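**Q** Take this structure first; my questions come after.
The values are calculated or read from the model by the stated rules, or taken from the named source; none is laboratory data. Source: prediction; values computed, not measured. With ideal geometry, Cβ positions are generated from the backbone for all residues, glycine too; neighbour counts draw on all protein chains shown.
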Amino acid sequence: MEKFSKLPFIVPTKKGFVFLGLCALIYLSATQSQSGLLFLVLGIIVGAFVLNVFTSFLLIRKVKVDMDETIKATEGCAVPSPLKITNLSKFSLGLIEISSQYGVLMKIYSLPANVDSHVMPEIVFPRRGIYPLKNLMMKSTYPFGLVKASMKLSGSGEAIVFPDIYKCLPAQASGFEPMVGGSCQDKHSSPSGFDFSGVRPMQSGDSFRHIHWKSSAKGTGIMIKEFSEELSGRLTIFLDSRASAGMELCDMAARAAGSIAFSSLDAGHHVEIVDPSREDSLVVPPFSTGDALLEFIARTRPSDDFNPTDKMKDVLKKISSRSAVVIVAVRHEGLNEAVEFLLSQNRKVSLYVPDSMNGDLLPANIKVYKYAKNTIYQ
């Protein structure tokens, strides 16, 4: 996204005010002593100040900032991709700061003339979410630091801050189907895969690509390679985001849901994630990069309290009939009833709750896992 600048606004810095005060003292001394030398010194000092004002006004308008429509980052980490800054003037610039309503986006100490530079942002967003980047302000105290030229940058964009996921075990899945790369193995064999299980005589319909040449060369006939059949399961993550639990707990649940989803994707499962506060859901195939999933979680906002069983009834109408259900909860209210309903629908259910939640309030007939800030355990 290209940003076009408006006219800059110039004010003296603290150093500039001290500088002006020094000019006033020199002027008073010069008028009382009738010294032409002091007037000469005063003229040099005032000339430097005027030069600073003039160059700040002209040169800051020559800085061009190119940004993507969206900036992607991870909570607690610096933005990983640089921004393109162009100096259109014939002079080197520096001492430039670009800030947003969330803090300083970047600082540029030196910017060569007529060169495109790529500068890494310095801002760190403390938590996941969507941060609108409007009314960006560019400031410069170049060249002497006596005045600060400030200029608004037009245009708009947003920073998408992903949850900070961590390693954990994949969730329980169901509805297994044959798929190359799946983490689960069946008793049946397949002509393709990664886990070699043996050879068999060639039959009608077998492809020549599957011939095991080493065995076939022994003269016993053409042999075909066999592999253990690999399976991929399905699971649906129900992300509880009831605001009454507090933002910190909702963020912990978001990290846990993202971590479970990624470990399940890496295990070769299809993952669907549901946000009860929204109508839509997201289905992610195995081995995907997962950016869409992280963005979905980043856009999840705390919701009003709801009845988990009623929400589950709505969810079951949308998801696969063979998918396991994974509940990442922030409150215990309604969990027992929701689990009983899911079990009555012959669903495989896993429950993830905060480590601070009292275990006596949780269902006793399913596996219950606990999550903390950066770990999940049973």
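**Q** Say whether the condition of being closer than 30 Å to Val326 by Cβ, among the charged types (D, E, K, R), modelled with pLDDT of 85 or more and assigned by TED's automatic domain parsing to the domain that holds Phe19 is met by at least one residue in region 88-100.
**A** No, because not a single residue in region 88-100 is closer than 30 Å to Val326 by Cβ, among the charged types (D, E, K, R), modelled with pLDDT of 85 or more and assigned by TED's automatic domain parsing to the domain that holds Phe19.
**Q** Still on this structure, please answer the following. What tally of residues in region 240-294 results from selecting those that are among the hydroxyl-bearing types (Ser, Thr, Tyr) and touching a Phe, Trp or Tyr at 6+ places or on another chain (Cβ under 9 Å)?
**A** 3
**Q** Moving on. If you check Ser350, Ser321, Ser356, Ser303, which single one turns out to be touching a Gly at 6+ places or on another chain (Cβ under 9 Å), among the small types (Gly, Ala, Ser) and not assigned by TED's automatic domain parsing to the domain that holds Arg127?
**A** On the way: Ser350 fails: touching a Gly at 6+ places or on another chain (Cβ under 9 Å); Ser356 fails: touching a Gly at 6+ places or on another chain (Cβ under 9 Å); Ser303 fails: touching a Gly at 6+ places or on another chain (Cβ under 9 Å).
One residue alone meets the criteria, Ser321.
**Q** Hey, another quick one. Return a yes/no flag: does region 339-357 have any residue that is at pLDDT below 85, crowded, with 18+ Cβ neighbours inside 10 Å and under 29 Å from Ala159 (Cα atoms).
**A** The first filter runs over region 339-357 and keeps only residues at pLDDT below 85, leaving none.
There is no residue in region 339-357 that is at pLDDT below 85, crowded, with 18+ Cβ neighbours inside 10 Å and under 29 Å from Ala159 (Cα atoms).
**Q** Count, please, the residues in region 60-85 that happen to be of a type in the set (Gly, Ala, Ser) and part of a strand (DSSP E or B).
**A** Total meeting the criteria: 2.
**Q** Right, another one. From the list Gly182, Gly233, Gly175, exactly one residue is at pLDDT 85 or above, closer than 24 Å to Ile376 by Cβ and surrounded by 15 or more Cβ atoms within 10 Å (Cβ to Cβ). Which is it?
**A** Gly233
**Q** For the subset of region 1-15 comprising residues that are in a strand (DSSP E or B) and at pLDDT 50 or above, which member is nearest to the chain's Cα centre (by Cα)?
**A** Once the filter is applied, the top-ranked residue is Phe9.
**Q** Which condition does Gly258 not pass, out of (1) surrounded by fewer than 22 Cβ atoms within 10 Å (Cβ to Cβ); (2) closer than 21 Å to Met357 by Cβ, if it passes all the others?
**A** (1)
**Q** Filter region 86-103 down to residues that are in a strand (DSSP E or B) and crowded, with 17+ Cβ neighbours inside 10 Å, then give me how many there are.
**A** Pass one, region 86-103, residues in a strand (DSSP E or B): 86-87, 93, 96-100, 103.
Within this subset, residues satisfying the condition of being crowded, with 17+ Cβ neighbours inside 10 Å are 87, 93, 96-100.
Residues meeting the conditions: 7.
**Q** Report, by residue number, each residue of region 334-348 that is under 21 Å from Leu249 (Cβ atoms) and either touching a strand residue (DSSP E or B) at 6+ places or on another chain (Cβ under 8 Å) or among the hydrophobic types (A, V, I, L, M, F, W, C) (or both).
**A** Leu335, Ala338, Val339
**Q** Given Ile44, Ile108, Ile71, Ile60, which one is within 30 Å of Ile165 (Cα to Cα) and of a type in the set (A, V, I, L, M)?
**A** Ile71
**Q** Being under 15 Å from Ala245 (Cβ atoms) and buried (at least 17 other Cβ atoms within 10 Å of the Cβ) narrows it down to one residue among Pro286, Pro363, Pro276; which is it? Even if it seems obvious, please write down each step before you answer.
**A** On the way: Pro286 fails: under 15 Å from Ala245 (Cβ atoms); Pro363 fails: under 15 Å from Ala245 (Cβ atoms).
Going through Pro286, Pro363, Pro276 in turn, the sole match is Pro276.
**Q** Which of the residues belonging to region 332-349 are among the polar types (S, T, N, Q) and in contact with a Leu (Cβ under 8 Å, 6 or more places away or on another chain)?
**A** Asn336, Gln345
**Q** So which residues in region 314-333 are farther than 18 Å from Met252 by Cβ and modelled with pLDDT of 90 or more?
**A** Of region 314-333, the ones farther than 18 Å from Met252 by Cβ are 314-325.
Of everything in region 314-333, those that are farther than 18 Å from Met252 by Cβ and modelled with pLDDT of 90 or more turn out to be Ser323, Ala324, Val325.
**Q** Looking at region 15-31, which of the residues that are out of contact with any Leu (no Cβ under 7 Å at 6 or more places or on another chain) and β-branched (Val, Ile, Thr) is farthest from Phe144 (Cα to Cα)?
**A** Checking each candidate, the answer is Thr31.
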